[in-house]
Amino acid sequence: MIALVTGASSGIGRDIARSLARHGINVIITARRSDRLRKLKRELTRKYGVRVKAITADLSDEKQVFELYEKVKRYNIDIFINNAGLGVFGDFSQTDLQSELDMINVNIRAFHILFKLFVRDFTERDFGYIMNTASAAGFLPGPFFSSYYASKAYIVRMTQAVEQELLAKNSAVCLSLLCPGPVATEFGETANVKFITPQANSGRLAEHAVREMFGGAFLICDNPLTKAGICAAKLVPDSILALGARFFQKRRKK
């Protein structure tokens, strides 16, 4: 089997690539930072003896998104980990617009393009695994982290909808939605936000996510508490969720 992992230079994406390689699966890793990709490629080939191809791509550039797909489609990908994502934290009236547009291009535009193309390919073959990385944040309004939360909500709703379309046609394509809470990665530093709650270990989360995906799970969380929080959020009015998130997020600013 062969997998494609986007956003593989650090954090969850890197650890999912490690988990897949540990399971003997060949991987194609892609991200913006070529030096990180080369280092990961050496690690995976040396430790696990799998084949690894590294492709440098900036998914905020739509042209490079399509170029990535053209480069990998000949490999007949079996597993697609749609993981690349960015975050921009701060008051919406003050955050940098270009940074938010780059985030939207990665979190929504690139996500959508690659998701659609691989759903088409996998549906035609009637086989394949797709895991979209969202967040528990995708079930909440997020004052002071508004664009990021909204982008994750897009991933949540799109994945939920496509799952039903696949079920309606009795497709053998397995679709999973990864929705962790805070995870100990570089994300907080990049988004200029600090976490004030315990953070999950990225490596353990990745191994759990891969095992759950192969087990056919749809909603994958880092722990039962996160899953319970997602369920509880559905019972609380959005206005109350937004108010609570506002006070919580203000404490996260660096």
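The values are calculated or read from the model by the stated rules, or taken from the named source; none is laboratory data. A quick note: this is a predicted structure, and the numbers were derived from the prediction, not measured. Note: ideal-geometry Cβ built from the backbone for every residue, glycine included; neighbour counts use all protein chains shown. Areas reflect the complete protein model, heavy atoms only, side chains present, ligands, DNA and RNA absent. Shrake-Rupley method; radii C 1.70, N 1.55, O 1.52, S 1.80 Å.
Structure data summary
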| quantity | calculated |
| --- | --- |
| Residue, farthest from ALA136 (Cα to Cα), within segment 151-171, restricted to residues that are touching a helix residue (DSSP H, G or I) at 6+ places or on another chain (Cβ under 9 Å) and among the small types (Gly, Ala, Ser) | SER171 |
| Hey, SER135 closer than 16 Å to LEU175 by Cα, open to solvent by 10 Å² or more (accessible area, probe 1.4 Å) and touching a helix residue (DSSP H, G or I) at 6+ places or on another chain (Cβ under 8 Å) or not | yes |
| For ARG46: the one exception among (1) in contact with a Lys or Arg (Cβ under 6 Å, 6 or more places away or on another chain); (2) of a type outside the set (Ser, Thr, Tyr); (3) within 22 Å of ARG204 (Cα to Cα) | (1) |
| Output for segment 30-63, where each listed residue is in a strand (DSSP E or B) and among the β-branched types (Val, Ile, Thr) | THR30, VAL52, ILE55, THR56 |
| Among the residues listed as PHE127, PHE89, PHE66, the single one being open to solvent by 30 Å² or more (accessible area, probe 1.4 Å) and outside any helix (DSSP H, G or I) | PHE127 |
| Residue list for segment 153-172, restricted to those being under 18 Å from the mean Cα position of the chain (by Cα) and open to solvent by 10 Å² or more (accessible area, probe 1.4 Å) | ALA153, TYR154, ARG157, MET158, GLN160, ALA161, VAL162, GLU163 |
| Search result, residues across segment 166-203 that are assigned to a helix (DSSP H, G or I), of a type outside the set (D, E, K, R) and modelled with pLDDT under 65 | PHE187, GLY188, THR190, ALA191 |
| Hits in segment 37-63 - residues which are crowded, with 18+ Cβ neighbours inside 10 Å and closer than 16 Å to LYS116 by Cα | LEU59 |
| Condition broken by ASP58, with the remaining ones in (1) at pLDDT 95 or above; (2) touching a Ser or Thr at 6+ places or on another chain (Cβ under 7 Å) satisfied | (2) |
| Condition check for VAL27: touching a Gly at 6+ places or on another chain (Cβ under 7 Å), buried (at least 24 other Cβ atoms within 10 Å of the Cβ) and not in a helix (DSSP H, G or I) | no |
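Yes or no, residue by residue, for (1) closer than 18 Å to PRO180 by Cβ; (2) outside any helix (DSSP H, G or I); (3) at pLDDT 95 or above:
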position	(1), (2), (3)
VAL72	no, no, yes
ASP102	no, no, yes
ILE108	no, no, yes
MET131	yes, yes, yes
ALA137	yes, no, no
PHE144	no, yes, no
LYS152	yes, no, yes
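For every residue, the table says whether it meets (1) modelled with pLDDT of 90 or more; (2) outside any loop (DSSP other than H, G, I, E, B).
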site	(1), (2)
LEU205	yes, yes
GLU212	yes, yes
THR226	no, yes
ALA232	no, yes
VAL236	no, no
ILE240	no, yes
ARG246	no, yes
